[in-house]
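What follows is a short report on a single structure.
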Amino acid sequence: MNAALKGLAIAAALALGVAAQPQPQPQPATPALHARQPRRLVIKNAMVIYGNAKPPYGPVDIVVQDGVITYIGATSDVPSGARSTSDAVIDAAGKYVMPGIVNAHMHWHEERQPGIPQPIQYERNLYLAAGVTTAREVGGDFDKSKRWQAESNAHTIVAPRILVYPFVSKGRTGSTAEIRAWIRDIKRKGADGLKIIGMDRDQLEAVMDEAHTLGMRTATHIAVEETTAKDYAELGVNSIEHFYGVAEAALKGIQDFPPDTSYSNEIHRFGRAGELYAQADPERLHKIIDLMVEKHVAWDPTFSIYEASRDLQRAQAQPWFRDYLHPSLEEYFKSSLDNHGSYFFGWTSTQEAKWKQQYRIWMDAVREFASKGGLVTTGDDAGYIYSMYGFGISRELELHEEAGFHPLEVIEHATWNGARLIGMEDRLGKVREGFIADLLIVNGNPLENLKLLNPYGADIMLLNGRPASNYSPLGPDDKVTSARGGGIEWTIKDGIPYHVPTLMREVREMVARARAQRVHTTAGQP
Ligand SMILES: [Zn+2]
């Protein structure tokens, strides 16, 4: 780190200190609760964001016993037995408690750039720090993910709950008979669902028929293919990921791509993909949205993963890269046709403008879909295209707000809707007695500013040294300063509290070690 960066880091650390603790205090040690399961946990004085978009309420106390929410009530009404014999207490005064986030679209990575290992704990910590307590992996290393799933369920690793949806693609499986056999086999091995990508109609019919026979849930990345959202909706897919396939179902004819287009060239693929919604016929778009709603297809748009296409410099200059970007990811993000999603060569203002237009139409379509009763969820698909694990899901929530949703609806997308998507709505996604204690304790009110959920924290205004709304009335003697504050303080999964500042400190250390290691191993080379 050079001197200027070091100065910035110190300034940032000071700013964070001011926000979190008005009085200078020594560096806190790891809190005793971190990553340990108390038999009973009482969260006191909590304002509650329930999960289903109803207004927040509180303050209340929340009692968690053996990983389950057993009591929510007025502070004075907490059963005295529960309070006096509780193993652990978190005071949530001034904080908001909401359900843990379901990241409906993610992938586990142990390496991005070949030759630079990336410890899996890096990604786990970042997701927990961003409030992700459930991660639906849609394509990955199946055997490893199943092992991590079991370890997460047994609480022998620090990680979100994991659902494993392996890829089924025509490239892998071929004939419809082979596809069916492959699905039966992967179901026997414990697949929680299927991630479908790029199918011809006959293959898709086989996949969906087999999935329904076996009672498996399905998610699809439709791609630019023979099949569109219309086929997937008709055949009963559970969720459509990204933007693909919806605009295609609304074209008059087919995509208007130039003759030299190659879908294998990601400059072409991601450049032209940004033109699809503008080519869609608005009337047909309304109709395909109606069909998706009618067939109970969920939409998991993953807005955040394509954002670099509409604003490359924003994506490249994210402030958390300085301390938290692992060198494996850093190398992978650099422009290279060998790396999926690293397609930025001479990216133009026109390409950005087209993508901005695409976002406007796409976001309006998602908003219309929800207003007609469609289920919208949140996923980040991070680890590609300058999107970092955890920060991506935090940004995803902001983009749902940009799409026109109220912050309460955005949080519903991220929590209760996620639980419905994965079929866990009887025990997950709400702050409710009898539900699994997956809870976030947020420094501040995320309904005021969703950026408070970002693991890096958010800019906040201090009025005479105390956090205040930036609409606060100001007197002549008031002192106004800005600082970094917010963030999630505790992410609780299955009743186990994880201290977010501790998780983030560990991430910084992993990154610092990996950077030092790289300098060391490359120093002697020409
Ligand atoms: Zn993905």
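Stretching K479 away from A32 to a fully extended chain increases their span by 157.3 nm, per 0.36 nm per residue minus the current alpha-carbon distance. Over the chain, DSSP H runs of length four or greater, each weighted -39,500 (n - 2.57), average out per residue to a 222 nm ellipticity of -11000 deg cm²/dmol.
Phi angles of the range 208-220 translate, via the Karplus equation with coefficients 6.51, -1.76, 1.60 and θ = phi - 60°, into HN-Hα couplings of 5, 4, 5, 4, 5, 4, 8, x, 9, 7, 9, 10, 9 Hz per residue; Gly and Pro are given as x. Across the range 293-351, counting alpha-carbon atoms alone, Rg and Dmax equal 14.9, 46 Å.
Among 238-247, 401-410, 431-440, how do they line up from the highest to the lowest mean number of other beta-carbon atoms within 10 Å?
Working: 238-247: 24.7, 401-410: 17.8, 431-440: 23.0.
Going from most to least packed, we get 238-247, 431-440, 401-410.
Distance between the C-alpha centres of the range 307-343 and the range 453-526: 20 Å, rounded to the whole angstrom. Using the 1.4 Å probe convention, the accessible area of the range 131-196 works out to 39 Å² per residue with neighbouring protein chains retained. Which distance in Å, rounded to a whole number, links the C-alpha centroids of the range 117-137 and the range 257-298? Computed from Cα coordinates, the inter-centre distance equals 31 Å.
Here each label is just a point 7 Å from Cα along the line to Cβ, and for I267 and S469 those points are 5.0 nm apart.
DSSP assigns beta bridges within the chain; of those with both partners inside it, close to 55 percent run antiparallel.
Most tightly packed first, judged by the mean number of other beta-carbon atoms within 10 Å of their residues, the peptides 456-465, 489-498 read 489-498, 456-465. First select every other residue whose beta carbon is under 12 angstrom from the beta carbon of H105; then total the charges, Lys and Arg +1, Asp and Glu -1. With Lys, Arg at +1 and Asp, Glu at -1, the neighbours total -4. So, counting K/R as plus one and D/E as minus one, what does the shell of residues with Cβ under 9 Å around T261 add up to? Net local charge, T261 excluded: +1. Compactness of the range 179-284, taken as the C-alpha radius of gyration over 2.2 N^0.38 Å, stands at 1.17.
Relative to its Kirkwood radius, the Cα radius of gyration of the chain gives an Rg/Rh of 0.97. Per residue, the accessible area of the range 324-401 comes to 32 Å² when a 1.4 Å probe rolls over the protein heavy atoms.
Note that the range 51-67 has calculated 3J(HN,Hα) couplings of x, 9, 6, 6, x, x, 8, x, x, 9, 9, 10, 9, 10, 10, 6, x Hz, one per residue in order, obtained from phi through the Karplus relation 6.51 cos²θ - 1.76 cosθ + 1.60 (θ = phi - 60°); glycine and proline are x.
Between 0 and 90 degrees, the angle of helix 391-402 with respect to the longest Cα principal axis of the chain falls at about 80 degrees. Taking the accessible area of the range 234-351, probe 1.4 Å, and keeping the other protein chains in place, the carbon and sulfur fraction comes to 48%.
Here's the list of lysines a cross-link from K95 could span, going by alpha-carbon distance under 23 Å and ignoring same-chain residues fewer than 8 apart: K44, K54, K430, K451, K493. Estimated from the Cβ-Cβ distance and a Förster radius of 51 angstrom, the FRET efficiency linking I254 and V519 is about 0.50.
The values are calculated or read from the model by the stated rules, or taken from the named source; none is laboratory data. It should be emphasised that the depicted structure is a prediction, and the values quoted were computed from it without experimental measurement. Backbone-built Cβ (ideal geometry, glycine too); neighbour counts: all protein chains shown. Remember, those area values only see protein heavy atoms, side chains included, never the ligands or the DNA or RNA. Shrake-Rupley method; radii C 1.70, N 1.55, O 1.52, S 1.80 Å.
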